[in-house]
Amino acid sequence: MKIMQIAVLSCLLAAFMPAAALCQPSGISDTQLEERPITGTIVSSTANTMVVKTDSGRYILFALDRSTVRPRALPAGTVVTVTSRPGDEPGVRTASLVTASETPQSAKVTVGAEPIPPELRRIERQINRQVRKYNVGVRAGAALDPEIIFGGVHARFGPVFHPDIFFRPNAEIGFGEVTTQISLNLEAIYRLPLNERSGRWSTYLGAGPGFAFGHRNFAEAESGGRDIDFGEFEWQTGLNVLTGLEYRNGMFLEFKATAYATPHFRMMIGYSF
């Protein structure tokens with residue numbers, strides 16, 4: 001079991017390392033635009049993002065968060081002036097003030113004539129997925145005491161009560177040498193305000209009750225070849241405390257400790273769709 005546990009942890013780290021590289025700042029800086037206002041024509045907009053084409057032909061993706069001052073409607077074809085701050089990727093900025101002006105007829109005709117760069121489209125989809133009010137996903141990992149390998153599913157609802165608080169229930173099933181366990185965890189997470197909502201990654205803390213139903217089975221082979229099975233069923237209620245690192249593309253790494261129930265420690269990776 002020790003060998004299997006080490007192998008699983010190695011696989012988890014190997015899967016996580018490519019994603020961790022996303023946290024590193026890009027070698028191409030977008031600060032060349034400084035803090036000066038940017039004027040251009042909206043070619044695509046959602047509740048959380050806006051793609052603007054400048055007069056020079058450059059496409060810029062602006063993230064719109066709860067602190068952005070903007071008009072109620074920002075339809076494609078509108079000429080806007082945007083005050084913003086640099087994001088953590090080339091071509092991506094966070095808007096602080098959006099001012100709309102009259103839309104010239106020529107701008108209406110040319111909007112959509114050229115395709116938006118695929119990379120900006122991809123980031124736009126990821127930002128919108130990150131702030132959706134409902135997500136579902138899958139998870140897998142390893143646990144200690146007892147030693148089991150587990151997988152599961154989760155959902156995320158919110159925000160509730162606060163823009164950075166989400167309700168995230170999840171269910172897991174685990175298997176070990178002698179243990180089978182099914183867990184239901186009713187957890188809430190708090191997204192730490194350390195990074196922009198449009199950033200590549202975010203950290204979070206969480207807690208909530210956990211309910212587990214476990215089955216332990218021990219088998220011994222006697223000299224006559226007859227197996228003796230001992231079954232033990234347990235119902236446990238515990239308190240989960242967790243912390244994690246979540247990437248904008250949906251991948252996350254999470255560590256969870258449990259009091260008053262087992263397993264006492266879990267490490268997992270997951271993906272939210």
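Every read-out reported here was derived from the displayed coordinates using simple, explicitly stated rules and does not represent laboratory data. Note that the structure is predicted; figures quoted are calculated from it, not measured. Positions of Cβ are generated from backbone atoms using ideal geometry, with glycine treated the same way; all protein chains shown enter the neighbour counts.
When only DSSP loop residues count, what chymotrypsin sites (Phe, Trp or Tyr not before Pro) in region 130-164 have their Cβ near at most 10 other Cβ atoms within 10 Å?
Numbers: sites: Y134, F150, F157, F161; in loops: F161.
When the chymotrypsin sites (Phe, Trp or Tyr not before Pro) of region 130-164 are filtered for loop state and at most 10 Cβ neighbours within 10 Å, F161 remain.
Can you give the net charge of the other residues whose Cβ lies under 12 Å from the Cβ of G270, counting K and R as +1 and D and E as -1?
On the way: positive: R139, R156, R168, K256, R266; negative: E172, E246, E254.
Here the count lands on +2.
Only counting other Cβ atoms within 10 Å, I'd like Y59, Y260, Y190 sorted with the fewest neighbours first. Display every interim value, and only then the final one.
Values: Y59 19, Y260 11, Y190 15.
Least crowded to most crowded, the residues run Y260, Y190, Y59.
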